[in-house]
Amino acid sequence: MRCPFCHNEDSQVKDSRPTEDGSAIRRRRQCPSCGARFTTFERVQLRELVVVKKSGKKEPFEREKLAHSVMIACRKREIEPERIERLISAVQRQLEAMGEPEVEAGQIGELVMQGLEQLDPVAYVRFASVYKDFREAKDFETFVGGLSETMLKGE
(Lines give C-alpha, C1' and ligand atoms only; values in the text may rest on other atoms or scores of the structure.)
Protein backbone atom coordinates (compact mmCIF):
# COMPACT_ATOMS: atom_id res chain seq x y z
CA MET A 1 0.00 0.00 0.00
CA ARG A 2 1.43 3.35 -1.04
CA CYS A 3 2.08 5.88 1.76
CA PRO A 4 -0.30 8.86 1.37
CA PHE A 5 2.34 11.19 2.85
CA CYS A 6 5.64 10.41 1.10
CA HIS A 7 4.26 8.10 -1.63
CA ASN A 8 6.68 5.30 -0.75
CA GLU A 9 5.53 2.12 -2.50
CA ASP A 10 5.57 0.01 0.66
CA SER A 11 3.99 0.13 4.11
CA GLN A 12 3.84 -2.26 7.04
CA VAL A 13 0.62 -3.50 8.64
CA LYS A 14 0.80 -2.89 12.40
CA ASP A 15 -2.73 -3.99 13.36
CA SER A 16 -5.71 -5.61 11.60
CA ARG A 17 -9.22 -6.08 12.91
CA PRO A 18 -12.72 -6.37 11.48
CA THR A 19 -15.05 -3.38 11.58
CA GLU A 20 -18.04 -3.55 13.93
CA ASP A 21 -20.42 -4.82 11.28
CA GLY A 22 -17.85 -7.23 9.88
CA SER A 23 -18.11 -5.79 6.37
CA ALA A 24 -14.46 -4.68 6.19
CA ILE A 25 -11.01 -5.14 7.68
CA ARG A 26 -9.44 -2.07 9.28
CA ARG A 27 -5.66 -2.01 8.97
CA ARG A 28 -3.30 0.36 10.80
CA ARG A 29 -0.20 0.84 8.68
CA GLN A 30 3.16 2.53 9.07
CA CYS A 31 5.47 3.76 6.36
CA PRO A 32 9.06 2.50 6.86
CA SER A 33 10.39 5.49 4.92
CA CYS A 34 8.80 8.49 6.70
CA GLY A 35 7.34 6.77 9.77
CA ALA A 36 3.80 8.11 9.16
CA ARG A 37 0.86 6.02 10.37
CA PHE A 38 -2.42 5.72 8.50
CA THR A 39 -5.51 3.52 8.32
CA THR A 40 -6.86 1.57 5.36
CA PHE A 41 -10.06 -0.41 4.97
CA GLU A 42 -10.33 -3.58 2.94
CA ARG A 43 -13.80 -4.56 1.71
CA VAL A 44 -15.11 -7.46 -0.31
CA GLN A 45 -16.26 -6.34 -3.73
CA LEU A 46 -18.41 -8.92 -5.44
CA ARG A 47 -18.37 -7.25 -8.83
CA GLU A 48 -17.48 -4.03 -10.58
CA LEU A 49 -20.55 -1.84 -10.79
CA VAL A 50 -21.23 0.86 -13.34
CA VAL A 51 -23.73 3.63 -12.56
CA VAL A 52 -25.94 4.83 -15.41
CA LYS A 53 -26.87 8.48 -14.83
CA LYS A 54 -30.15 10.08 -15.95
CA SER A 55 -28.26 11.62 -18.87
CA GLY A 56 -27.16 8.15 -20.00
CA LYS A 57 -23.55 8.80 -18.97
CA LYS A 58 -21.87 5.80 -17.34
CA GLU A 59 -19.29 5.93 -14.57
CA PRO A 60 -17.82 3.44 -12.10
CA PHE A 61 -19.64 3.06 -8.78
CA GLU A 62 -17.77 4.87 -6.02
CA ARG A 63 -18.58 3.95 -2.43
CA GLU A 64 -17.01 7.23 -1.28
CA LYS A 65 -19.44 9.23 -3.39
CA LEU A 66 -22.38 7.34 -1.90
CA ALA A 67 -20.98 7.85 1.61
CA HIS A 68 -20.53 11.58 0.98
CA SER A 69 -24.16 12.09 -0.07
CA VAL A 70 -25.45 10.11 2.92
CA MET A 71 -23.17 12.04 5.29
CA ILE A 72 -24.48 15.36 3.95
CA ALA A 73 -28.06 14.23 4.62
CA CYS A 74 -27.10 13.12 8.15
CA ARG A 75 -25.02 16.19 9.02
CA LYS A 76 -25.68 17.61 12.50
CA ARG A 77 -28.05 14.74 13.32
CA GLU A 78 -27.45 12.56 16.35
CA ILE A 79 -26.81 9.39 14.41
CA GLU A 80 -24.00 7.05 15.40
CA PRO A 81 -21.37 6.81 12.63
CA GLU A 82 -21.61 3.00 12.80
CA ARG A 83 -25.29 3.13 11.83
CA ILE A 84 -24.49 5.35 8.84
CA GLU A 85 -21.67 2.99 7.81
CA ARG A 86 -24.04 0.01 8.07
CA LEU A 87 -26.55 1.81 5.82
CA ILE A 88 -23.87 2.51 3.20
CA SER A 89 -22.63 -1.09 3.33
CA ALA A 90 -26.18 -2.42 3.06
CA VAL A 91 -26.87 -0.30 -0.04
CA GLN A 92 -23.65 -1.47 -1.66
CA ARG A 93 -24.39 -5.14 -0.86
CA GLN A 94 -27.92 -4.79 -2.30
CA LEU A 95 -26.53 -3.30 -5.51
CA GLU A 96 -23.95 -6.08 -5.85
CA ALA A 97 -26.57 -8.74 -5.07
CA MET A 98 -28.73 -7.55 -7.98
CA GLY A 99 -26.30 -9.37 -10.24
CA GLU A 100 -26.32 -6.67 -12.90
CA PRO A 101 -23.09 -4.96 -13.97
CA GLU A 102 -24.94 -1.68 -14.54
CA VAL A 103 -27.31 0.04 -12.11
CA GLU A 104 -29.44 3.10 -12.70
CA ALA A 105 -28.63 6.08 -10.47
CA GLY A 106 -32.31 6.09 -9.52
CA GLN A 107 -32.02 2.58 -8.07
CA ILE A 108 -29.23 3.75 -5.78
CA GLY A 109 -31.29 6.76 -4.72
CA GLU A 110 -34.29 4.55 -3.90
CA LEU A 111 -32.18 2.20 -1.78
CA VAL A 112 -30.69 5.14 0.12
CA MET A 113 -34.17 6.60 0.64
CA GLN A 114 -35.39 3.29 2.08
CA GLY A 115 -32.45 3.15 4.46
CA LEU A 116 -32.71 6.77 5.58
CA GLU A 117 -36.45 6.41 6.12
CA GLN A 118 -35.64 3.84 8.81
CA LEU A 119 -32.64 5.76 10.16
CA ASP A 120 -33.73 9.38 10.61
CA PRO A 121 -36.73 11.39 9.32
CA VAL A 122 -34.77 14.65 8.88
CA ALA A 123 -31.95 12.96 6.95
CA TYR A 124 -34.62 11.24 4.86
CA VAL A 125 -36.26 14.56 3.92
CA ARG A 126 -32.87 16.20 3.26
CA PHE A 127 -31.81 13.43 0.92
CA ALA A 128 -35.21 13.43 -0.78
CA SER A 129 -34.97 17.17 -1.43
CA VAL A 130 -31.87 16.61 -3.56
CA TYR A 131 -32.78 13.21 -5.00
CA LYS A 132 -36.29 14.29 -6.02
CA ASP A 133 -35.03 17.73 -7.09
CA PHE A 134 -37.30 19.92 -4.95
CA ARG A 135 -37.58 23.36 -6.57
CA GLU A 136 -39.77 25.29 -4.11
CA ALA A 137 -41.15 25.15 -0.57
CA LYS A 138 -44.37 23.56 -1.80
CA ASP A 139 -42.36 20.50 -2.88
CA PHE A 140 -41.25 20.03 0.74
CA GLU A 141 -44.78 20.55 1.99
CA THR A 142 -46.19 17.94 -0.37
CA PHE A 143 -43.46 15.42 0.44
CA VAL A 144 -43.62 15.86 4.21
CA GLY A 145 -47.42 15.78 4.07
CA GLY A 146 -47.19 12.27 2.67
CA LEU A 147 -45.04 10.97 5.51
CA SER A 148 -46.66 8.87 8.19
CA GLU A 149 -47.23 10.23 11.69
CA THR A 150 -45.20 7.35 13.09
CA MET A 151 -42.17 8.33 11.05
CA LEU A 152 -42.43 12.01 11.91
CA LYS A 153 -42.54 11.21 15.62
CA GLY A 154 -39.47 8.99 15.23
CA GLU A 155 -41.18 5.87 16.59
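Kindly establish whether Asp133 is charged (D, E, K, R) and either modelled with pLDDT of 90 or more or crowded, with 18+ Cβ neighbours inside 10 Å (or both). So Asp133 does not fit the description; no.
Looking at (1) in contact (Cβ under 8 Å) with a residue 60 or more places away in the chain; (2) exposed (fewer than 14 other Cβ atoms within 10 Å of the Cβ), which is the one condition that is false for Lys54? Every listed condition holds for Lys54 apart from (1).
Figure legend. Inter-residue proximity from the stretch 24-36: first residues hydrophobic (A, V, I, L, M, F, W, C), second residues assigned to a loop (DSSP other than H, G, I, E, B) and crowded, with 16+ Cβ neighbours inside 10 Å, beta-carbon distance below 7 Å, spacing 6+ or different chains. Indicated pairs: Cys31/Cys3; Cys31/Ser11; Cys34/Cys3; Ala36/Cys3. Total residues in the stretch 115-146 satisfying the condition of being over 25 Å from the mean Cα position of the chain (by Cα) and of a type in the set (S, T, N, Q): the figure is 1. Annotation: Glu85 fulfils all but one of (1) free of Cβ contacts under 8 Å to residues at least 12 places away in the same chain; (2) under 21 Å from Val125 (Cα atoms); (3) of a type in the set (Asp, Glu); the unmet one is (1). The criterion of at least 2 residues that are surrounded by 14 or more Cβ atoms within 10 Å (Cβ to Cβ) and over 22 Å from the mean Cα position of the chain (by Cα) is met, among strands (runs of 3 or more DSSP E) falling completely within the stretch 1-45, by 24-30. Here the condition is being closer than 20 Å to Met98 by Cα and either exposed (fewer than 11 other Cβ atoms within 10 Å of the Cβ) or outside the structural domain of Gly115 (by TED's automatic domain parsing) (or both); of Glu48, Glu59, Glu78, it holds for Glu48 alone. Within the stretch 94-104, the set of residues being part of a helix (DSSP H, G or I) and loosely packed, with under 15 Cβ neighbours inside 10 Å comprises just one member, Ala97.
Scanning the stretch 49-87 for residues that are in a loop (DSSP other than H, G, I, E, B) and touching a Phe, Trp or Tyr at 6+ places or on another chain (Cβ under 8 Å) returns a single hit, Leu49.
The values are calculated or read from the model by the stated rules, or taken from the named source; none is laboratory data. As the structure is a computational prediction, the values presented were derived from the model and not from experiment. In this analysis, Cβ positions are derived from the backbone assuming ideal geometry, glycine residues included, and neighbour counts consider all displayed protein chains.
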